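The values are calculated or read from the model by the stated rules, or taken from the named source; none is laboratory data. The shown structure was predicted, so the numbers you read here are calculated from the model rather than taken from an experiment. Here the Cβ positions follow ideal geometry from the backbone for every residue, glycine too, while neighbour counts run over all protein chains shown. We work out accessible area using only protein heavy atoms, side chains counted, and drop any ligands, DNA or RNA first. Shrake-Rupley method; radii C 1.70, N 1.55, O 1.52, S 1.80 Å.
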Amino acid sequence: MNSKIPDTASKRTITALVQDKPGVLNRVASMFRRRGFNIESLAVGKSEESDLSRMTFVVDGDDRTVEQVTKHLHKLIDVIKVSDISDQNIVSRELALIRVKVNIQTRAEVMQVVGLFRANIIDVAPDSLIVEVVGDEDKIDSLHELLKEFGVVEVMRTGTIALNRGLEAAKKESRKSKHRNWGEAASV
Amino acid sequence: MKLNGSQMICESLIREGVDVIFGLPGGAILPLYQTLPEYPKLRHILVRHEQGAAHAADGYARVSGKPGVAWATSGPGATNLVTGIATAQMDSIPIVVIVGQVSRASIGSDAFQETDTTGITLPVTKHNYLVMSASEIPQIIKEAFYIANTGRPGPVLIDIPKDVQTEIAEFKYPSEIDLPGYKPTLEGNGAQIKRAAKLIKESQRPVILAGHGAIFSNAYDEIRELAEKAQIPVITTLLGISSFPEDHVLSVGMPGMHGMAYASLAIEEADLLIALGMRFDDRITGKPSAFSVNSKKIHVDIDPSEIGKNIKVDVPIVGDLKRVLAKLNLEVDPNTHVEWIQHIEELKRDHPSMNIRATEKLLPQYIINQISEATEGKAIVVTGVGQHQMWAAQHYVYTEPRSFVTSGGSGAMGYEVPGAMGAQVADPGRVVWSIAGDGGFQMTMAELATLVENKIPVKFAIINNQCLGMVRQWQEFFYDKDYVATMYTNNPDFVKLAEAFGMLGLRVSDKTQVRSAIEEAISYEGPALIDFMVEEEENVFPMIPAGQTVQDMIEENQPEKVR
Ligand SMILES: Cc1ncc(C[n+]2csc(CCOP(=O)(O)OP(=O)(O)O)c2C)c(N)n1
């Protein structure tokens, strides 16, 4: 907490390393609900260790909210490590599947747009296509926007996943990392 | 050693130092109950309602500092515990709750007395477990006690299916705990402690604001040392009461909604607030944006999520209060704040919140004052919730730690009977007074039977105003005396009730009989009850209405401030 940081609402990316146990997702979701925190997107999957999962949250909120989110996540016993990586050098990706209406006239045009975005067509039906696109949120939003012109029937998105760049950062992320020193943390 | 699940539970509890369990049986926990006679070290107290078991475990923990244990059957047994669990969660009380569950194969089938107990209790526990194999029992119980009573304490629930209680497995009690996601920070950051010492040195008008954490971490001596060394007045929150002796010259009492006017004013005028193990609850801050705006703030708490949650602070220190203060006290220089302390004395004189007005009428404040004198401030006082709770906080002079036991965060009426039971079981050597409301008392008075049955000699002072007093006061102040659903027209005869339960019952309606009745109750061997027929429409002063500031405070001599 520091008064120097302006309280501005923005999207933040938070990752958490959690025990892969029944009910963990429920604990996390319940905490967000109870504290009134909003999740924009949430992606969960296995991590490099068999008994741990990694979660990526994109949350909307001011600095105070995000600080509270990370602290309350950390408070859950099954959560091992929480990092707000928004301001770090990260790669973040999301996968989306978009079903678009096409006809003989528009098919070529859609394929051209898809090519521009380095996206793929993974299913072709007489009157529709399924487009697969990987990228950050903005890229997927833009493609979605462009395809609307042709008629978007269905969209399925995975939610963002993110990792720090470089090995140093990876070390920091592992379960063996030292426990966060809140005495200092609280003052920055 | 091969044991069944129930034996494992008992063996594990004994290894955790448990000596008493509050509970009530039922189908899903019967295997565990039938095993209990094999373990005479475990004293079981049969309550009359599971809420009582949870509150009693909570009262036991508050007085002993050890985790209290309650258990019950599945379904309604479990749901009856929930109020007590939520109360413990709000006040960070270490209790371990064990609940029977339907057999593993039936889980999810809406079987008889099946409830999703871990689901229901998830948001009101520090952690909970569903045990799916007897072999997990030792590890889980070990973890449960560790989690309950370390870091910021709290309730932990363990849900155990009936067939796990009979399943046989190898028993080996673990010596280690491996919880990679749970490592409370105990040592405060050295640089932050130095910064805190510097602020203390520079300050002209410092106050200490001690909360419940001061009691959990047993920081009694350290707070006193800091206060005396640097001559800093000490204010305690409702749950911080008894973390600093109230007969000490530096004691300023409780601030906030029904706090002493001078304590709230001192916080307002301070240039440094040293907040120790407290969480800037809304009952203290009123309107957070207007709370003690001119002070710098040091905040020591073991829970990082409390730092900056309600109030911005200048020097946050995460750690165990006792350890942090031990280091801080080495850094702090002896000091005096003569002018400031004199000023607070003037505030006390100009705002005599503790005065009890002279009248022939039987005032609740006078009764509590008399209990305080009769017990020389050395009793354990347990309360319900409402006006009597605030008067008990104000007018009893607490001189020993862990002496004020009350449901603060949750404000659970009905705490006064089972809470007092747990407190007395934790410390049979001290006199326990339950200052009860006639409303709250009726919520849990079935436990009087438990008290008599188990010879637990709690003394009750029912502050009988024939109404839900605190709500009636709000209606008087904020709803034009529109007393909707707050006045009782048919309270039971509490004296006859006491006699029916087999305890001493006395009635006092005259001021002159107060002291002798108190003495009689104290000298009576078993549990006793005094039905004090008090002035019905007495109000608690001072009052800072919810969400408002010290400027909006209503003191006893300014009833015109009530709109
Ligand atoms: C379980 C529960 N229900 C309702 C309330 C709301 N409430 C707060 S104080 C109060 C009145 C309490 O009356 P009583 O126990 O007689 O104490 P008094 O205020 O008269 O001293 C009520 C109803 C509560 N705190 N707890």
> How many nm separate the modelled label positions at residue B:191 and residue A:154, each set 7 Å beyond the Cα in the direction of the Cβ?
Replying inline: 5.4
> Once the other residues with Cβ under 15 Å from the Cβ of residue B:350 are scored (Lys, Arg +1; Asp, Glu -1), what is the net sum?
Replying inline: -4
> Along the charge dipole of the protein assembly as shown, Cβ charges K/R +1 and D/E -1, which of B:284, B:87, A:39 sits furthest on the positive end?
Replying inline: A:39
> residue B:104 accessible area, nearest 10 Å², 1.4 Å probe?
Replying inline: 70
> Residues of segment A:85-100 with amide nitrogen under 17 Å from the 7 Å Cα-to-Cβ point of residue A:136?
Replying inline: A:85-96
>> Using a 1.4 angstrom probe on the protein heavy atoms only, could you order B:112, A:150 from most to least accessible area?
In response: B:112, A:150
>> Give me the three principal axis extents of segment A:91-161 from the C-alpha atoms, as integers in angstrom, largest value leading.
In response: 38, 19, 18
> ³J(HN,Hα) across segment A:18-28 via Karplus (A = 6.51, B = -1.76, C = 1.60, θ = phi - 60°), whole Hz, x for Gly/Pro?
Replying inline: 10, 5, 8, 10, x, x, 5, 4, 4, 4, 5
> What size of dipole, in debye to the nearest 20, comes out for segment B:364-540 about its Cα centre when the only charges are +1 on Lys and Arg C-beta atoms and -1 on Asp and Glu C-beta atoms?
Replying inline: 360
> Modelled label-to-label distance, residue B:446 and residue A:106, 7 Å Cα→beta-carbon offset: nm?
Replying inline: 6.7
>> Which order do you get for B:172, B:481, A:71, B:496 if you rank them by accessible area with a 1.4 Å probe, largest at the top?
In response: B:172, B:496, B:481, A:71
> Given +1 on the Cβ of Lys and Arg, -1 on the Cβ of Asp and Glu, and no further charges, what dipole in debye does the protein assembly as shown carry about its Cα centre, rounded to the nearest 20?
Replying inline: 1620
> If you take the charge dipole of the protein assembly as shown about its Cα centre, with +1 on Lys and Arg Cβ and -1 on Asp and Glu Cβ, which of B:256, B:557, B:370 is farthest toward its positive end?
Replying inline: B:256
> Using the Cα atoms as the points, what is the convex hull volume per residue of segment B:482-563 in Å³?
Replying inline: 173
> Setting aside same-chain residues fewer than 8 positions from residue B:511, which lysines have a Cα under 17 Å from its Cα?
Replying inline: B:361
> What's the local net charge at residue B:125, with K and R +1, D and E -1, over the other residues with C-beta under 11 Å away?
Replying inline: +1
> What is the set of long-range amide H partners of residue B:187 at a cut-off below 5 Å, with H atoms built 1.01 Å from backbone N?
Replying inline: B:320
> Excluding residue B:226 itself, what net charge comes from residues whose Cβ is under 13 Å from its Cβ, given Lys and Arg +1 and Asp and Glu -1?
Replying inline: -1
> So what is the relative contact order for chain B, in percent, with contacts set as C-alpha pairs under 8 Å and at least six apart?
Replying inline: 14
> To the nearest 20 debye, what is the magnitude of the charge dipole of chain B about its Cα centre, counting +1 on the Cβ of each Lys and Arg and -1 on the Cβ of each Asp and Glu?
Replying inline: 960
> Roughly what % of Cα-Cα distances in segment B:219-325 sit above 20 Å, to the whole percent?
Replying inline: 34
> What GluC sites (Glu not before Pro) in segment B:174-213 are in a loop by DSSP, with at most 10 other Cβ atoms within 10 Å of the Cβ?
Replying inline: B:176
> How large is Rg over Rh for the protein assembly as shown, taking Rg from the Cα atoms and Rh as the Kirkwood inverse mean of 1/r across Cα pairs?
Replying inline: 1.03
> Given the rule -39500 (n - 2.57) for each run of at least 4 DSSP H residues, summed and divided by the residues of the protein assembly as shown, what is its mean residue ellipticity at 222 nm, to the nearest 500 deg cm²/dmol?
Replying inline: -10000 deg cm²/dmol
> Using a 1.4 angstrom probe with every protein chain in place, what is the largest-first accessible-area order of B:470, B:533?
Replying inline: B:533, B:470
>> Can you give me the distance in nm between label points at residue B:312 and residue A:122, each placed 7 Å from the Cα along the Cα-to-Cβ direction?
In response: 4.7
